[in-house]
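These notes are about the structure you will find just below.
The values are calculated or read from the model by the stated rules, or taken from the named source; none is laboratory data. Remember, predicted model here, so these are calculated numbers, not experimental data. As a convention, Cβ positions derive from the backbone with ideal geometry for all residues, glycine included, and neighbour counts pool all protein chains shown.
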Amino acid sequence: MRIELQEHRSVTLRGRDQPDRGIGYLLSHQYDGGMQRWAGWITIVGLLVSAWLWGQDTSQKSGPWVLERSGTTAGLRGIHAVGGGVAWASGTNGTVLRTEDGGYEWQSCAAPPDSAKLDFRGIWAWDANTAIAMSSGPGDASRLYQTTDGCSHWTPVLVNSDKDGFWDAVVFKSRMKGYLLGDPVNGRFFFSTTEDGGLNWKRSEANGLDAAPDAKGAFAASNSALLGGEREPVLFGTGGAYIYRQSFSGNVDFAAKPGTPIKMTEQWSREAVPLARGNDASGIFSVGWHEGSIPGYGYTLVAVGGDYTKPNESAGTAAWSKDGGKTWTAAERPPHGYRSAVAWDADAQAWIAVGTNGSDISWDDGKTWVPLDGPETGGNWNALSLPWVVGPEGRIGKINPDQLKK
């Protein structure tokens, strides 16, 4: 990065018997050696500060969120924190971003082929080089692209062939196994599985994927209507406030030869959740999960949503389940508005939910929520992958854990 000296000429030195002078003046005039050394140090400090501010807009905050410079005005709905300072973000007009240094600098990726008008609402990454981006839109505007060279080049891997289809979320359970969710086509939700890292996909024909009469689709608001990451159950939330849960059953054939695999049959069940419903703008927008205190024994689910046309309406915006999603209980004190994403903060041992009028935190496993930020501080968010949050007009924030207090 090149920084021109004239950018810093407004910095002045006020010494005794000397007029105010900018750094440029000091470098072009002879002073005593001590003054020249001071000028050199101030120049170095100025360059370092400018470079730091180029990567992070630390002068702006919204509650616990420290805003970062994204370098774009695109609406962002995809965010995936990989770990080790690596994260990927995505959004409108074919936008894909990447950071390798914890958000200090967000790099604009090369746009995937023919994506200038695509809205990348989901992104899933494994490291700084490998990621899959999902665009959402009617028909062939829903696509998957893969990069293996740090987003210098992208390869199309799947295009929606259903003219009435619309993809909502993509997640991966492992490096090889992943899931893709789409709105109903011919009355059934689209659900597809890959076993080879996203190169090939197989659509589910299992029973139970029929759409409820008041569930016309899922919401592609934050790439988190679908759950299915490592150790997580596979389920998704929809309009009309329903949860669909995947399960498998099989029968042992005692006449079969020893070692014969048991044939497992996929099936889905549907459960109603006490969230806002009644129109196409309401339902479940995001589902989160965290493991119990003993790994492998029990977990908590939290679903958030509401009505996105009523961003300040708090009723019906959060619910929780302790039995794998079979039964749900509405939050006693819900978030202070519609929420499009929810995630468990393992460090804080708390849930965080975000939406277009700010964010909230729950310290008691989803039962009660308190605000973290709101419109008065610029809170306006779409999606979460902690510690990051993204929103409209290129907004990216990173949580300051020191600001999370009970």
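If we scan segment 175-184, do we find a residue that is under 15 Å from residue 125 (Cα atoms), assigned to a strand (DSSP E or B) and not hydrophobic (A, V, I, L, M, F, W, C)?
Within segment 175-184, the subset under 15 Å from residue 125 (Cα atoms) is 175-180.
Remaining after also requiring assigned to a strand (DSSP E or B): 178-180.
Within this subset, residues satisfying the condition of being not hydrophobic (A, V, I, L, M, F, W, C) are 178-179.
Looking through segment 175-184, at least one residue is under 15 Å from residue 125 (Cα atoms), assigned to a strand (DSSP E or B) and not hydrophobic (A, V, I, L, M, F, W, C).
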Q: Quick one: count up the residues across segment 234-283 that are surrounded by fewer than 13 Cβ atoms within 10 Å (Cβ to Cβ) and of a type in the set (Ser, Thr, Tyr).
A: 3
Q) Scanning for something assigned by TED's automatic domain parsing to the domain that holds residue 81, surrounded by 18 or more Cβ atoms within 10 Å (Cβ to Cβ), more than 17 Å from residue 224 (Cα to Cα) and aliphatic (A, V, I, L, M), does segment 360-377 turn up at least one residue? A) yes
Q: Quick one: residue 398 ticks every box in (1) assigned to a strand (DSSP E or B); (2) modelled with pLDDT under 95; (3) of a type in the set (Lys, Arg) except a single one, so which number is it?
A: (2)
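I'd like to check something: does segment 245-268 contain any residue that is of a type in the set (Gly, Ala, Ser), in a loop (DSSP other than H, G, I, E, B), free of Cβ contacts under 8 Å to residues at least 60 places away in the same chain and closer than 26 Å to residue 216 by Cα?
Filtering segment 245-268 down to residues of a type in the set (Gly, Ala, Ser) leaves 247, 249-250, 255-256, 259.
Imposing the further condition that a residue be in a loop (DSSP other than H, G, I, E, B) reduces the set to 255-256, 259.
If we keep only those that are free of Cβ contacts under 8 Å to residues at least 60 places away in the same chain as well, we get 255-256, 259.
Okay, now just the ones that are also closer than 26 Å to residue 216 by Cα, so none.
The answer is no; no qualifying residue exists.
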Q | Residues located in segment 173-219, provided they are within 19 Å of residue 156 (Cβ to Cβ) and touching a residue at least 60 places away in the same chain (Cβ under 8 Å) | A | 198
Q.
Restricting to segment 71-100, count the residues that are part of a loop (DSSP other than H, G, I, E, B), closer than 19 Å to residue 340 by Cβ and of a type in the set (Val, Ile, Thr).
A. 2
Q. Which condition breaks for residue 188 when tested against (1) under 16 Å from the mean Cα position of the chain (by Cα); (2) charged (D, E, K, R); (3) over 22 Å from residue 286 (Cβ atoms)?
A. (1)
